[in-house]
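> Dropping the structure in here first, questions after.
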Amino acid sequence: MPWVALVAVYVLWGSTYLANRLIITTVPPLLAGGFRFLVGGTLLAVVVLAVAGRRAFRMNAAQFGTTALSGLLLPAWGNGLVALGQQAVASGLAALLIAAVPLWIVILRAVTGDRPRGATVGGVGVGVVGLLVLVLAGPGSGGVTGSAWWGPWLVLLASLGWATGTFATTRLPVPPNPFAMAAAQMLTGGAILLVTGTAVGERLDVAAVTTVSWWAWGYMAVVVSLGAFSAYAFTLSTLPVSTVATYAYVNPVIAVLLGVLVVGERFTPVQLLGAAIVLVAVILVVVAERPRKGQSVMAASPP
């Protein structure tokens, strides 16, 4: 079962980029994410209440602050900018750029006084080269509304938000129940995306939403929001963290394959070279961060 759950994490999280592309074809990107996270957060909150009761949501001021901050950085900043970026870049390229998250985390660790291993720093250096190749190669086959130079840069900025939010939750006080925290994060991020989308003039035309977009949105709001997180939490409790961390370089591969097979996305030779460099860099970082003999697994593994 742990391996089945890990495969589910690979497929569910890897498929989010294609699903996102299918949604924003007929739904404004920020509103789509806002509604998705409000529904997903509400469903997860109901499950937590049913299983653990209201005490699971008890937080002090510091824990609530961390939850709100991570809700801003992860669902709102991270997913919001990815959705905007996917208007101008292919879903597979977006996934490859988001793969930079482990590299950003190493940089954040170094900036805050941590000393990553030499092999980890080397992996980050390789990753920077790969990211530069991807970004400078352009958007390729393009996103929902075509291609634009700013698309890859926007997704790369989204990966910084994801990394910062992930890093913050490892350094700041967090609620004891991770499922309650995830529900609160999604509700916070969903509200921010709805307000922002409305403020910038996005409007939802329900009649214009296609059946494919509805199915993709339902898949993201229910299956991914509940299934992927539950599977991830289960694998963390039953498999070595270094093994679970392999999702960081398997998800982009799944996303690229789905983009090519389902919507016919294409990549230039230069983009494929950049993709290979980025994936090698992430593998180097994950392997380098495996715990040494006798060292705590949680302390040595990437956040």
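What follows is calculated from the coordinates using simple rules that are stated; it is not laboratory data. Because the structure is predicted, anything quoted here is derived from the model rather than measured. Methodologically, a virtual Cβ is constructed for each residue, glycine included, from the backbone with ideal geometry; neighbour enumeration extends over all protein chains shown.
> I'd like the distance between the alpha-carbon centres of region 201-265 and region 1-38, rounded to an integer number of Å.
A separation of 3 Å, based on Cα centres.
> Next question. Please give the peptides 123-134, 181-192 ranked by average Cβ packing (other Cβ atoms within 10 Å per residue), highest first, as a rough proxy for protection.
181-192, 123-134
> Over all pairs of distinct alpha carbons, what does the Kirkwood formula give as the hydrodynamic radius of region 143-196, in Å?
Every distinct Cα pair counted, the radius reaches 13.5 Å.
> Above 20 Å lies some portion of the pair distances; for region 35-154, what is it as a whole percent of all C-alpha pairs?
Value for region 35-154: 60 percent of Cα pairs lie more than 20 Å apart.
> So what is the relative contact order for the chain, in percent, with contacts set as C-alpha pairs under 8 Å and at least six apart?
Reported as a whole number, the value is 39 percent.
> What's the whole-number percent of alpha carbon pairs in the chain lying beyond 26 angstrom?
Cα-Cα pairs of the chain separated by over 26 Å account for 43 percent.
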